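*Asks:* Take a look at this one; I'll ask things after.
The values are calculated or read from the model by the stated rules, or taken from the named source; none is laboratory data. Remember, it's a predicted structure, so these values are computed and weren't measured experimentally. Glycine gets a Cβ as well: all are built from the backbone with ideal geometry, and neighbour counts include every protein chain shown.
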Protein chains: 2
Amino acid sequence: MDASCYESGKAVARANLAFYRAIEALDVDAMRAVWSTAPHAKCIHPGWELIAGTESILASWEAIFANTDSLCFDVADLEVEVLGDLAWVSNVEKIRSVVGDERYESEAVATNLFARENGVWKLILHHASPVSQH
Amino acid sequence: MDASCYESGKAVARANLAFYRAIEALDVDAMRAVWSTAPHAKCIHPGWELIAGTESILASWEAIFANTDSLCFDVADLEVEVLGDLAWVSNVEKIRSVVGDERYESEAVATNLFARENGVWKLILHHASPVSQH
């Protein structure tokens with residue numbers, strides 16, 4: 001990996017972290033800042049069908065945030081690949097959530113695809129799937 | 001989309017179709033021809049953990065093929081995006097399988113990422129997740 005690619009990889013990792021911090025903050029505005037507004041933006045929550053388009057994606061996060069009291073995402077096994085103005089991240093999400101008096105723990109594996117738009121890495125696809133069997 | 005991008009989109013769709021035809025043929029050699037040999041190749045079967053590296057990925061398909069008598073994949077809602085030498089496909093997989101006397105039906109949503117290597121689109125990431133709730 002050459003120096004500029006290494007720098008890109010770090011910038012992508014920061015954008016990826018901002019995505020997870022926006023989830024933990026239950027903050028739709030921070031989430032909006034992370035996402036591309038490209039019409040082909042896509043999001044697949046664990047076990048859900050595909051959601052297309054930034055506004056529908058943000059509405060889905062808003063619904064998740066409204067129904068959750070606390071969300072913690074520990075991100076593990078992070079791998080970043082960069083090719084030109086696209087980058088993709090693979091990581092495991094160790095999720096702890098609180099809804100009312102109930103606490104939940106789950107694990108998902110995620111693919112996050114970023115595009116460099118005007119020098120800024122924006123999320124264009126988030127695909128998370130439950131880890132349930134092997 | 002300009003003409004060359006349209007041609008790339010068609011080539012990516014063909015590579016994507018070859019991937020599903022290799023599954024239906026239960027053919028590990030055809031599957032090998034579809035995949036990139038890049039060390040960062042990754043595959044996530046529905047509900048599974050991430051598998052990294054082409055040989056491990058092919059071994060997982062070989063295990064699936066060995067334990068299945070018939071696999072049919074109807075692919076729906078196909079969308080192809082191309083940016084430079086990377087392309088990503090979103091589609092729904094309507095899966096019918098036969099194992100012994102048992103027939104199964106399931107649905108998954110898939111992200112397939114392709115890289116153009118020496119002019120040929122090769123699969124570098126397959127992420128399929130079960131559709132179970134919304």
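*Asks:* Of everything in the range B:51-64 that's over 14 Å from the mean Cα position of the chain (by Cα) and of a type outside the set (D, E, K, R), which residue is nearest to B:Val99 (Cα to Cα)?
*Replies:* B:Ala63
*Asks:* Please find, within the range A:83-103, the residue that is farthest from A:Ile64 (Cα to Cα) out of those that are part of a loop (DSSP other than H, G, I, E, B) and either in contact with a His (Cβ under 7 Å, 6 or more places away or on another chain) or more than 7 Å from chain B (Cβ to nearest Cβ) (or both).
*Replies:* A:Asp101
*Asks:* Of the residues that make up the range B:92-99, is at least one small (Gly, Ala, Ser) and within 26 Å of A:Cys43 (Cα to Cα)?
*Replies:* So far as the range B:92-99 goes, no, none of its residues is small (Gly, Ala, Ser) and within 26 Å of A:Cys43 (Cα to Cα).
*Asks:* Just the residues that are in contact (Cβ under 8 Å) with a residue 24 or more places away in the chain and facing chain A (nearest Cβ under 10 Å), please, taken from the range B:104-115.
*Replies:* Passing the criteria: B:Glu107, B:Ala108, B:Leu113, B:Ala115.
*Asks:* In the range A:73-82, how many are within 12 Å of chain B (Cβ to nearest Cβ) and either surrounded by fewer than 18 Cβ atoms within 10 Å (Cβ to Cβ) or of a type in the set (A, V, I, L, M) (or both)?
*Replies:* 6
*Asks:* Restricted to the range B:45-72, and to residues that are over 19 Å from B:Glu105 (Cα atoms) and β-branched (Val, Ile, Thr), which residue is surrounded by the fewest Cβ atoms within 10 Å (Cβ to Cβ)?
*Replies:* It comes out as B:Ile51.
*Asks:* Does B:Asp69 meet the test of being over 25 Å from B:Arg116 (Cβ atoms), of a type in the set (Asp, Glu) and away from chain A (no Cβ under 14 Å)?
*Replies:* So B:Asp69 fits the description; yes.
*Asks:* Here is a list of conditions, (1) touching a strand residue (DSSP E or B) at 6+ places or on another chain (Cβ under 8 Å); (2) assigned to a helix (DSSP H, G or I), and A:Ala38 meets all of them except one; can you say which number that is?
*Replies:* For A:Ala38, the failing item is (2).
Listed here are the residues, each with its yes/no results for (1) at positive phi; (2) modelled with pLDDT of 95 or more.
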| residue | (1), (2) |
| --- | --- |
| B:Asp2 | no, no |
| B:Gly9 | no, no |
| B:Ala30 | no, yes |
| B:Thr37 | no, yes |
| B:Glu49 | no, yes |
| B:Gly53 | yes, yes |
| B:Cys72 | no, yes |
| B:Glu81 | no, yes |
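*Asks:* Another question, if that's okay. Quick one: is B:Val75 touching a Phe, Trp or Tyr at 6+ places or on another chain (Cβ under 8 Å), more than 19 Å from A:Ala128 (Cα to Cα), touching a residue at least 12 places away in the same chain (Cβ under 8 Å) and not in a strand (DSSP E or B)? Step through it out loud before you land on a result.
*Replies:* Values: touching a Phe, Trp or Tyr at 6+ places or on another chain (Cβ under 8 Å): yes; more than 19 Å from A:Ala128 (Cα to Cα): yes; touching a residue at least 12 places away in the same chain (Cβ under 8 Å): yes; not in a strand (DSSP E or B): no.
For B:Val75, the condition - touching a Phe, Trp or Tyr at 6+ places or on another chain (Cβ under 8 Å), more than 19 Å from A:Ala128 (Cα to Cα), touching a residue at least 12 places away in the same chain (Cβ under 8 Å) and not in a strand (DSSP E or B) - is not met.
*Asks:* Sort out which residues of the range B:1-27 are more than 28 Å from B:Arg96 (Cβ to Cβ) and not in a helix (DSSP H, G or I), and write them in order of number.
*Replies:* B:Met1, B:Asp2
*Asks:* Next question, about the same structure. Restricting the range A:116-129 to residues that are away from every other protein chain (no Cβ under 11 Å) and within 14 Å of A:Arg14 (Cα to Cα), which is surrounded by the fewest Cβ atoms within 10 Å (Cβ to Cβ)?
*Replies:* Step by step, filter the range A:116-129, then rank; the result is A:Gly119.
*Asks:* Still on this structure, I have one more. Yes or no: B:Val89 surrounded by 14 or more Cβ atoms within 10 Å (Cβ to Cβ), over 16 Å from B:Ala128 (Cβ atoms) and at pLDDT 95 or above?
*Replies:* So B:Val89 fails the test.
*Asks:* Could you grab me the full set of residues in the range B:7-29 that are more than 15 Å from B:Ala110 (Cβ to Cβ) and under 12 Å from the mean Cα position of the chain (by Cα)?
*Replies:* The answer is B:Arg14, and nothing else.
*Asks:* Scanning for something closer than 22 Å to B:His126 by Cβ and aromatic (Phe, Trp, Tyr), does the range A:44-55 turn up at least one residue? Full working, then the answer.
*Replies:* Initially, the range A:44-55 is screened for residues closer than 22 Å to B:His126 by Cβ, giving A:44-52.
Next, from what is left, pick out any that are aromatic (Phe, Trp, Tyr): A:48.
Among the residues of the range A:44-55, at least one is closer than 22 Å to B:His126 by Cβ and aromatic (Phe, Trp, Tyr), which makes the answer yes.
*Asks:* Something else about it: Within the range B:28-47, how many residues turn out to be under 24 Å from B:Val99 (Cβ atoms) and in contact (Cβ under 8 Å) with a residue 12 or more places away in the chain? Explain how you work it out, then say what you get.
*Replies:* Step one: of the range B:28-47, the residues under 24 Å from B:Val99 (Cβ atoms) are B:28-32, B:34, B:43-47.
Applying the additional criterion that residues be in contact (Cβ under 8 Å) with a residue 12 or more places away in the chain yields B:28, B:30-32, B:34, B:43-47.
Final tally of qualifying residues: 10.
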